[in-house]
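Take a look at the structure set out below.
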Amino acid sequence: MSRSEELFRQAVELIPGGVNSPVRAYGNVHEIPRFIASADGPYISDVDGNTYVDFIGSWGPMILGNNDKRILNSVAEAAGKGLSFGAATEAEVEMAKLVCDLVPSIEMVRMVNSGTEAVMSAIRVARGFTGRNKIVKFMGCYHGHSDAMLVKAGSGVMTAGIPDSAGVPAGCTQDTLSAEYNNLDSVQELFDRYTEEIAAVIVEPVGANMGVVLPEKGFLEGLRAICDKYGSLLIFDEVITGFRLSIQGAQGYFGVQPDLTTFGKIIGAGMPVGAYGGRKEIMKLVSPVGKVYQAGTLSGNPVAMAAGLTQLKILRDTPDFYENLNANGDWFYTEMDQILTDHQIPHCLNHIGSLGCVFFTEETVRDYVSAKTSDTVVYAKYFKYLLNHGVYMAPSQFEAMFLSGAHTRERELKKTLEVIDACCSELK
Ligand SMILES: *Cc1c(COP(=O)(O)O)cnc(C)c1O
């Protein structure tokens, strides 16, 4: 790994932490980050020529596997016509139509350039629509790095948000209220107190930024009911779950309809894309037709649209794509769970479809507090062992792992299970 080491040494002098997004610095696992040179199918290769089975998939976008030739060709074709025009294009209409067709709760959609932007804009629209300011979010849910969303946990559910980052004025988070994931009472308490001040509840329908935390039966339905009762909007942040759990995202998977939805990651197939959408009466408030301002010089970029459109159409048109992917996920995570159990490693393996996460704890992980009981020292050992044996997992306990359609049981998944089996003796 001498080349990665050398690049990292240079990078830390030039880029904060040597990286352009914090988790890449491997800070939580005390390792030198591997600098990636290329990726193909279920594999990713670093600048020193090491190849790994890839369980990150660019944090989700590579649901078809890395370097899909069909997507590459569509990108090359679009690029050949010009990288950007700053004007309306046919691809944007096609993308909007596709998203509205695929996701029943969406009648109108606006493209942006990241998940962060999608959430920031959706919240502005929710506030504009309701004429209210307060937002309920859940501890441990990540919604990008916009000021109002950088609130983790207050000391209790009744405390108004305290910024989680320097540089965020308290005024920016004073309307951000924190509730506990999978705890409807904590949400109801906030509504009891703030009744008609709450513009929206925003939630990851499957928590995937505190490790993976599944919504318990009735949780999402309960949020829908509370929002309806108080005239607040329900926002599903489907930046990870969108087009991952099913072609309709988590909302299709669980059968709960939000008012607004945010997308990122998969929708751009690896290009920087985000989107937010919902009912027409809400989305009609967005500029230039409505009073909620939101804009983007490169939004709906033609090359990015080509990549996203090609990927979404493949996902839509491949028979049984999600059935197969989710079945592989079920099989793999169940096997992995069994191996850890056989070796008597205390753990909680949460998974749904192709998303999964192992916590090294005796507790059942169902929210932020229980997620935090995981032994991150054991996780770091696990991560390091796997990395050194050709398996590339998230360099943090509190991130998900992602299977793609390119991972096969016979090869990559079986190999990974063997490495995990061998790893267990090191974990005790
Ligand atoms: C990644 C993520 C975001 C932020 O998206 P960026 O493209 O990184 O800005 C927002 N919400 C969720 C649920 C995410 O996983």
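Each value in this text was obtained by applying a stated rule to the coordinates, not by laboratory testing. Predicted model, so just to flag it, every value in this text is computed and none were measured. Glycine also receives a Cβ, built like all others from the backbone with ideal geometry; neighbour counts cover every protein chain displayed.
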**OP:** Would you please state which residues of region 100-137 a label at Glu196 would reach in this model, taking the label point 7 Å out along Cα→Cβ and a backbone N cut-off of under 18 Å?
**Re:** 127-135
Original post:
What percent do you get for the relative contact order of region 69-317 when only Cα pairs under 8 Å and 6+ apart count?
Top reply: 29 percent
Subject >> region 18-85, relative contact order [Cα under 8 Å, separation at least 6], % >> reply: 20 percent
Subject >> Rounded to 5, percent antiparallel among DSSP beta bridges of the chain >> reply: 60 percent
Subject >> Approximate shape of region 8-84 as ellipsoid semi-axes (Cα gyration tensor, √5λ), whole Å, largest first >> reply: 27, 17, 11
Original post:
Per-residue ellipticity at 222 nm for the chain, helices alone: DSSP H runs ≥ 4 residues times -39500 (n - 2.57), over residue total, nearest 500 deg cm²/dmol?
Top reply: -11500 deg cm²/dmol
Subject >> Potential lengthening between Arg411 and Tyr293 on full extension [0.36 nm per residue; Cα-Cα distance subtracted] >> reply: 37.5 nm
Original post:
How many Å³ per residue does the convex hull of the Cα positions in the chain occupy?
Top reply: 142 Å³
Subject >> Relative contact order computed over the chain (Cα-Cα under 8 Å; 6+ residues apart), in percent >> reply: 21 percent
Subject >> Dipole of region 255-371 [Lys/Arg +1, Asp/Glu -1 at C-beta], most positive-end residue of Thr262, Pro288, Leu298 >> reply: Pro288
**OP:** Give me the number: length gained by fully extending Thr334 to Ala422, i.e. 0.36 nm times residue separation minus the C-alpha to C-alpha distance, one decimal in nm.
**Re:** 30.0 nm
Subject >> region 15-58: Cα Rg divided by the 2.2 N^0.38 Å rule of thumb >> reply: 1.19
**OP:** Could you tell me which of rounded, prolate or oblate describes region 196-332, using a ≥ b ≥ c as the square roots of the eigenvalues of the alpha-carbon gyration tensor, with rounded for a/c under 1.5 and, failing that, prolate when a/b is larger than b/c and oblate otherwise?
**Re:** oblate
**OP:** Would you kindly state how much longer the chain becomes between Glu216 and Ile32 on full extension, computed as 0.36 nm times their sequence separation minus their alpha carbon distance, in nm to one decimal?
**Re:** 62.5 nm
Original post:
What is the antiparallel percent of DSSP beta bridges lying wholly in region 280-428, to the nearest 5?
Top reply: 90 percent
Subject >> Pairwise label distance in nanometres, Ala225 with Asn20, each label 7 Å out on the Cα-Cβ vector >> reply: 4.6 nm
**OP:** Can you bin region 278-428 into rounded, prolate or oblate? Criterion: square roots of the alpha carbon gyration tensor eigenvalues sorted a ≥ b ≥ c, rounded for a/c under 1.5, prolate for a/b above b/c, oblate for the rest.
**Re:** prolate
Original post:
If you put +1 on each Lys and Arg Cβ and -1 on each Asp and Glu Cβ, how big is the dipole of the chain around its Cα centre, in Debye rounded to 20?
Top reply: 940 debye
**OP:** Highest first, please rank the peptides 53-62, 218-227 by the mean number of other Cβ atoms sitting within 10 Å of their residues.
**Re:** 53-62, 218-227
**OP:** For region 69-317, compute Rh as the Kirkwood radius over C-alpha pairs and then the Stokes-Einstein diffusion coefficient at 20 °C and 1.002 mPa s; write the answer in µm²/s, rounded to an integer.
**Re:** 117 µm²/s
Subject >> Cα gyration tensor shape for region 1-146, rounded if a/c is under 1.5, else prolate or oblate >> reply: oblate
Original post:
At Gln174 and Ser146, where each label point lies 7 Å from the Cα along Cα→Cβ, what is the point-to-point distance in nanometres?
Top reply: 2.0 nm
